Amino acid sequence: DAKTTQPTSMDCAEGRAANLPCNHSTISGNEYVYWYRQIHSQGPQYIIHGLKNNETNEMASLIITEDRKSSTLILPHATLRDTAVYYCMMIYNQGGKLIFGQGTELSVKP
Amino acid sequence: GAVVSQHPSWVICKSGTSVKIECRSLDFQATTMFWYRQFPKQSLMLMATSNEGSKATYEQGVEKDKFLINHASLTLSTLTVTSAHPEDSSFYICSAGGQINIQYFGAGTRLSVL
């Protein structure tokens, strides 16, 4: 099973970039990296995913190292509304199951 | 983006009664849906995988007779907590699988059993 390791918590100043790291050293060749976030008392929200190349969408950028053993989610201009728990995950087998770890609790401060 | 609706958002029930939670994919069809539960200050725990037209697959330690799952159509899965007790009080969340294994989540149902 591919496992991920994330810092428990991080702080970021409003307006600055938030860089959230994730280690996934046991990732297999065909496993994608997915990022979700959960704002307090809400359902998780999909952010972005990638396989090998860096990806960018309207929410964030995803930087994946060449060896694919780690990745970084970048929120370019963090706002107070980005305060949430961020989860980095891989798909478990091919059944599409997401196994949530503890994630990183990001606090964006004024 | 894809929308998943979960109902009710909040329910209070007496001990011993059953509670049904609905999960609907509003603008896409989902052959697979997932059910999670989350206790305060903890991460989401996968309970079961709901497959349209077949029996659900339960994670280890989850009682299938306690948590009944029905996925009768491509847009609806239901979770029924049978004979609920206070220890079943939790935040229940569903998700529906979209393209490229992206999952879209409902807003969750907060269950309080008195």
- Note on the structure: Residue by residue through region A:101-110, the couplings from Karplus 6.51 cos²θ - 1.76 cosθ + 1.60 with θ = phi - 60°, in Hz, x for Gly and Pro, are x, 7, x, 10, 8, 9, 10, 9, 10, x
- Rg (one decimal) and Dmax (whole number) from the Cα set of region B:20-73, in Å, equal 11.8, 35
- Comparing A:LYS97, A:LYS52, A:LYS69, which has the greatest mean-square fluctuation in the GNM of chain A with Cα pairs linked when under 10 Å apart? A:LYS97
- Tell me, what ³J(HN,Hα) does each residue in region B:79-89 have, in order and in whole Hz, if you take phi through Karplus 6.51 cos²θ - 1.76 cosθ + 1.60 with θ = phi - 60° and put x for Gly and Pro? 10, 10, 8, 8, 6, 5, 10, x, 5, 7, 4
- Message: Give me the one-decimal nm value for the distance between modelled label points at A:ASN30 and B:GLU63, 7 Å along each residue's Cα-to-Cβ direction.
- Response: 3.9
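Under the Kirkwood approximation for Rh and a Cα-based Rg, what ratio Rg/Rh is obtained for region A:1-58? List each step's numbers first, then the result.
Working: Rg = 13.2 Å, Rh = 13.6 Å.
Answer for region A:1-58: 0.97.
What's the Cα-based Rg to Rh of region B:8-114, Rh via Kirkwood? Each step should come with its number before you reach the end.
Numbers: Rg = 13.1 Å, Rh = 13.8 Å.
Reported Rg/Rh (Cα atoms, Kirkwood Rh): 0.95.
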- Task: Work out the length of the dipole vector of chain A about its Cα centre, built from +1 on the beta-carbon of each Lys and Arg and -1 on the beta-carbon of each Asp and Glu, and round it to the nearest 20 debye.
- Result: 100
- Taking R0 as 25 Å, what's the FRET efficiency between A:SER9 and A:THR65 from their Cβ-Cβ distance, rounded to 0.05? 0.65
- Message: I'd like the isolated cysteines in chain B, meaning no second cysteine's beta-carbon lies under 4.7 angstrom from theirs.
- Response: B:CYS13
- Note on the structure: Charge dipole of chain B built from unit charges on the beta carbon (Lys, Arg +1; Asp, Glu -1), centred at mean Cα; most positive-end Cα among B:TRP10, B:ALA72, B:LEU114 is B:LEU114
- Query: Which of the cysteines found in chain A have nothing to pair with, since no other Cys Cβ lies under 4.7 Å from theirs?
  - Reply: A:CYS12
- Item | Calculated SAXS-style log₁₀ I(q)/I(0) at q = 0.10, 0.12, 0.14 Å⁻¹ - the protein assembly as shown, Debye, Cα scatterers | -0.46, -0.66, -0.88
- Message: Run the reach check for A:LYS69 against aspartates and glutamates, Cα to Cα strictly under 20 Å, same-chain hits fewer than 8 apart removed. What comes back?
- Response: A:ASP1, A:GLU31, A:GLU55
- Which one of A:TYR87, A:TYR34, A:TYR46 has the biggest mean-square fluctuation once chain A is modelled by GNM with Cα springs under 10 Å? A:TYR46
- Note on the structure: The exposure ranking of A:CYS22, A:CYS12, B:CYS13, B:CYS23, fewest beta-carbon neighbours within 10 Å first, is B:CYS13, A:CYS12, A:CYS22, B:CYS23
- Task: Based on other C-beta atoms within 10 Å, arrange B:VAL81, A:VAL85 from fewest to most.
- Result: A:VAL85, B:VAL81
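Every number here is computed from the coordinates shown, using simple stated rules; none is lab data. Source: prediction; values computed, not measured. Every residue, glycine as well, gets a Cβ built from its backbone with ideal geometry; the counts of neighbours run over all protein chains shown.
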